[in-house]
Structures are given as structure tokens and as C-alpha cells.
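S.K.: Mind having a look at this structure? Questions to follow.
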């Protein structure tokens, strides 16, 4: 399995790589094809290394955020599974939506799609929102919901650990649904 890790915090990037030491042998050999410190570098690594099986990326990074990288990768590298990481407490929600909230969110996601079109083309427009994360924040959308909407395979709460990596890979192999590994998982 070819993997790319991305995080702008060197300590977290190191922890992600160290998590491979505790990887269950059933998941086979893992090749790290690159480590990125921002979304732009992440995209370049995937472009240069051909098909990549898995990308595990931080949501908040400079230059290009993880959600914007997700949108680009889903367009250009559909086979690559993308998992987003966050330490943001507001990234998750357990609240049910009312009908009014669902209609309002549908309008917000329509606006977010316009931003995504610019991200996919790599053509930012001056004076407009050109980042999925910034659009998500301005529209008051839950990042986990945005990640699922744009085709992420899952969302993992930091800190990243070998236990979370094993849980994640196990679920990727058996579940076709969105994977949400929250703070309650073993660390």
C-alpha cells in the first residue's frame, strides 16, 4: 500500500510515520511515498508518484488546506482514499438537523461547490473565497460533513496513533461507509 502523510506540524508528521511501527501485519507492507507540510506539496507528491492508495492529511495547513487538497484529489485521483485529521473540537457534531437546517445547509453546499470548481481548476479568483476550509468556516458548516460531501473516506481526531491507524485500515478494508474515528478511540 502506497501512503502519503501531510501535516504542517513536524511532531504530528513524525507521530504519523511512527504509527507504522505498530501496524498489524495483516495490512501488508506500507510504502511511504511522501511527507508533505501543506496541501500543495501533498498534491505534488501524489502527482509525481502515480497511483497512491491512501492519503492521511491534516485539515488545517498553510498554502492549501486539507479540504481543498481533498477536492482536487477526488477530481484527479479518484482511486486514492483520503482521510482527514483534525484537532478541532468544532469539526464534529452529534446534533440532528431540523428540516429548516437541512434546507439551509443544502444552499450552503451549493455555494461551496462554486468554490470547489475554482479549487479543481487551480484558478483562484481575486476577491473570492478560494479555499474549501475558508468556505466551510464562512458558511458555518461542520468540516466532517464537508469532508464526507466531497468524498473523503474518513475523519480522524488527533492525536494520531498506531491504534487509530490499525482501526482505520481495518475499517477501510471492511466498510464502504464514511469512517469517523473520534477522540474516544484508543490513543
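S.K.: Which residue is nearest to residue 75 (Cα to Cα), if the candidates are limited to the range 117-132 and must be touching a helix residue (DSSP H, G or I) at 6+ places or on another chain (Cβ under 8 Å) and surrounded by fewer than 22 Cβ atoms within 10 Å (Cβ to Cβ)?
M.R.: Out of the qualifying residues, it is 120.
S.K.: Looking at the structure I just gave you, is residue 84 closer than 19 Å to residue 44 by Cα and either modelled with pLDDT of 90 or more or assigned to a loop (DSSP other than H, G, I, E, B) (or both)?
M.R.: yes
Residues checked against (1) within 23 Å of residue 5 (Cα to Cα); (2) at pLDDT 90 or above; (3) not in a helix (DSSP H, G or I):
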position	(1), (2), (3)
104	no, no, no
110	no, yes, no
123	no, no, yes
127	no, yes, yes
133	yes, yes, no
148	yes, yes, no
168	yes, yes, no
176	yes, no, yes
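S.K.: Of the residues that make up the range 13-33, is at least one in a loop (DSSP other than H, G, I, E, B) and either at pLDDT 95 or above or within 24 Å of residue 142 (Cβ to Cβ) (or both)?
M.R.: no
S.K.: Turning to a different aspect of this structure: Out of curiosity, is residue 75 in a helix (DSSP H, G or I), within 16 Å of the chain's Cα centre (by Cα) and surrounded by fewer than 16 Cβ atoms within 10 Å (Cβ to Cβ)?
M.R.: Judged against the criteria, residue 75 is a match.
S.K.: Which condition number in (1) outside any helix (DSSP H, G or I); (2) touching a residue at least 40 places away in the same chain (Cβ under 8 Å) is the one that residue 50 fails?
M.R.: (2) is the only condition that residue 50 fails.
S.K.: Checking residue 137 against (1) without any contact (Cβ under 8 Å) to a residue 24 or more places away in the chain; (2) closer than 24 Å to residue 62 by Cα; (3) in contact with a strand residue (DSSP E or B) (Cβ under 6 Å, 6 or more places away or on another chain), only one condition comes out false. Which one?
M.R.: (3)
S.K.: Can you pull out the residues in the range 140-164 that are buried (at least 17 other Cβ atoms within 10 Å of the Cβ) and over 14 Å from the mean Cα position of the chain (by Cα)?
M.R.: Passing the criteria: 141, 161, 162, 164.
S.K.: How many residues are out of contact with any helix residue (DSSP H, G or I) (no Cβ under 9 Å at 6 or more places or on another chain) and surrounded by 17 or more Cβ atoms within 10 Å (Cβ to Cβ) if we restrict to the range 13-59?
M.R.: The number of residues fulfilling the criteria is 4.
S.K.: Could you count how many residues in the range 3-12 are surrounded by fewer than 18 Cβ atoms within 10 Å (Cβ to Cβ) and closer than 23 Å to residue 51 by Cα?
M.R.: Number of matching residues: 0.
The values are calculated or read from the model by the stated rules, or taken from the named source; none is laboratory data. Quick caveat, the model's predicted, so the values are computed rather than measured. FYI the Cβ positions are ideal-geometry reconstructions off the backbone, even for glycines, and counts take in every protein chain you see.
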